[in-house]
1. Restricting to segment 265-295, what's the tally of residues that are farther than 21 Å from residue 428 by Cβ, buried (at least 16 other Cβ atoms within 10 Å of the Cβ) and more than 32 Å from the chain's Cα centre (by Cα)?
2. Does residue 202 satisfy the condition of being modelled with pLDDT under 95 and either in a helix (DSSP H, G or I) or not small (Gly, Ala, Ser) (or both)?
3. What pairs come up if the first residue lies in segment 185-213 and is more than 20 Å from residue 132 (Cα to Cα), the second is surrounded by 11 or more Cβ atoms within 10 Å (Cβ to Cβ) and among the small types (Gly, Ala, Ser), and their beta carbons are under 8 Å apart, counting only those six or more places apart or on different chains?
4. Here are some residues: 256, 226, 250, 231. Which one is within 16 Å of the ligand (Cβ to nearest atom) and either modelled with pLDDT of 95 or more or among the hydroxyl-bearing types (Ser, Thr, Tyr) (or both)?
5. Name the one entry in 81, 24, 65, 33 that is surrounded by 14 or more Cβ atoms within 10 Å (Cβ to Cβ), in contact (Cβ under 8 Å) with a residue 60 or more places away in the chain and either at positive phi or among the hydrophobic types (A, V, I, L, M, F, W, C) (or both).
6. Please find, among 55, 43, the residue that is at pLDDT below 95 and either away from the ligand (no atom under 16 Å from the Cβ) or assigned to a helix (DSSP H, G or I) (or both).
7. Being assigned to a loop (DSSP other than H, G, I, E, B) and either modelled with pLDDT of 95 or more or under 27 Å from residue 388 (Cα atoms) (or both) narrows it down to one residue among 306, 287, 271; which is it?
8. Go through the residues of segment 169-182 one by one and say whether even a single one is part of a helix (DSSP H, G or I), exposed (fewer than 12 other Cβ atoms within 10 Å of the Cβ) and within 16 Å of the ligand (Cβ to nearest atom).
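The values are calculated or read from the model by the stated rules, or taken from the named source; none is laboratory data. The structure displayed is predicted, hence computed values, not measured ones. Heads up, the Cβs are rebuilt from the backbone with ideal geometry, glycines too, and the neighbour counts pull from every protein chain shown.
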Amino acid sequence: MTKSRSFFLSKSQFTRGLQCHKSLWLFKNKPELRAEPNAALQARFDAGTEVGILAQQLFPDGVTLEYSSGISRNISSTSELITQGTGTIYEATFSHDNVLAMVDILHKGPDGWELYEVKSSTESKDIFINDTAIQYYIVAGSGLTISRVFLVHLNNGYMRLGDLDLQKLFTIDDVTDLTLSRQAGIPQLLADMRKTLKEGEPAIDIGPYCTEPYECDFMPYCWHHIPECSIFDIANLRNNRKFALYNSGILHMRDIPPDFSMSEKMQLQVEAELTGREFVNIRNIKEFLKTVTEPVGFLDFETFMEPIPSFDFQRPYQQITFQYSLHILDNCKLSHHEFLGRPDEDPRRALIEKLLAEQRSCRTILVYNKSFEISRLQEIARDFPEFASEIESITARIGDLMVPFRNRDYYVKEMCGSHSIKYVLPALVPELSYDNLNIADGKAAMLAYAKLAAISAAAEKEKIRQDLLAYCRLDTLAMVRIWQKLLALTQPRQQLSLF
Ligand code: SF4
């Protein structure tokens, strides 16, 4: 590999600096403080790479410059390829003003060189223009005239039928004017970043920019002084109001001034946090329980999403249901049913056929956050219309066990402002826990299912399948226990804070 010179900035470092100068400084000077990308974030990076490589086929027969060849070598190779009349270069590499850019696709169009930036999202976003703007600045500054600038992204209106149709899978937006409109500001932005990097660690405190537009990977370092259950955990309090409190020196809920206006639900959360009081609205819980009739099913779906559809009747990032667990409670008798698909085939048809057969006895089907399960069922009905009428009969019987918790009809401080089942379960049913499971949330389930497709060892495959089944089974068993706890709460008891 050719030894590469080091550059002041790369494109991604420039966009990092736009978000926060301290993030750029830390990245350059104390990279060991960065949080490692978690499995979900790593999967997103991998998906981005996969989309980028596929998008190259929109302009086939180009020349790829491999990163492993070294930056300096790739800069000179780019120049040579252009001189030789090459029509398309993937990862064309340029430097100007000591800033480095690698262009996803550089293509010679009818009016001259065109620059294509590929994104794995399903829409053009304004922040992407920062990427194209710095690239244009570098490429044009290095002496190559660019005629047009484009953003390539996925089209979520595309549905696969047979072979992938790349012209329909991708949408290409002309962002030339937007890109040009940002050129004048770039020299000053770069000068400011240069100044920051010449000095010591910037004294920048935390702010809304820590999570916007991207979650900063230095948050564990910069946010270490924020206590557990702080003002940042008040559910539904807008970010600007949280930072107004923080900037006036308030971190703990106990220090919130009495004249700080909050909704009833926020006040209830703060009071529970400060007093440890249990809030139970018996009347509302009874009303909710009246809407449920036995036999009652407790249903939970697991889904995966992928940017590039693998199966017919699948769209980019469509949530594909690959697993369910169904507990049925009938006159104190609990039975269990489940389904887990095979990752090498579309799981939806087999899943819905089994579910339709198994749920028939249920007069109510409880889920947790019904908009999720109903949307998945409606999508299956749309893509497999032969099941539509039976699916409609399921959605008509669905009730939402999340409602009493979302409405704060039951609340204790252990729920930390959340009504997610992951917080409600330990608060109400501490003896049942996700702690000992190898898969403990939906994202982990999605990644495990994707991993199933990639491994061939039978024993390892079976272990992952059992982990997935155990996780989904616990989700619906948790719902059964929470339901029973709600029933018990409506029985006479003492020492409760009722309202
Ligand atoms: S966590 Fe916030 S303050 Fe710290 S570097 Fe990142 S964006 Fe800047």
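1. Final tally of qualifying residues: 1.
2. So residue 202 fails the test.
3. 196/17
4. 226
5. When all the criteria are applied, what remains is 24.
6. Being at pLDDT below 95 and either away from the ligand (no atom under 16 Å from the Cβ) or assigned to a helix (DSSP H, G or I) (or both) holds for just one of 55, 43, which is 43.
7. 306
8. Looking through segment 169-182, none of the residues is part of a helix (DSSP H, G or I), exposed (fewer than 12 other Cβ atoms within 10 Å of the Cβ) and within 16 Å of the ligand (Cβ to nearest atom).
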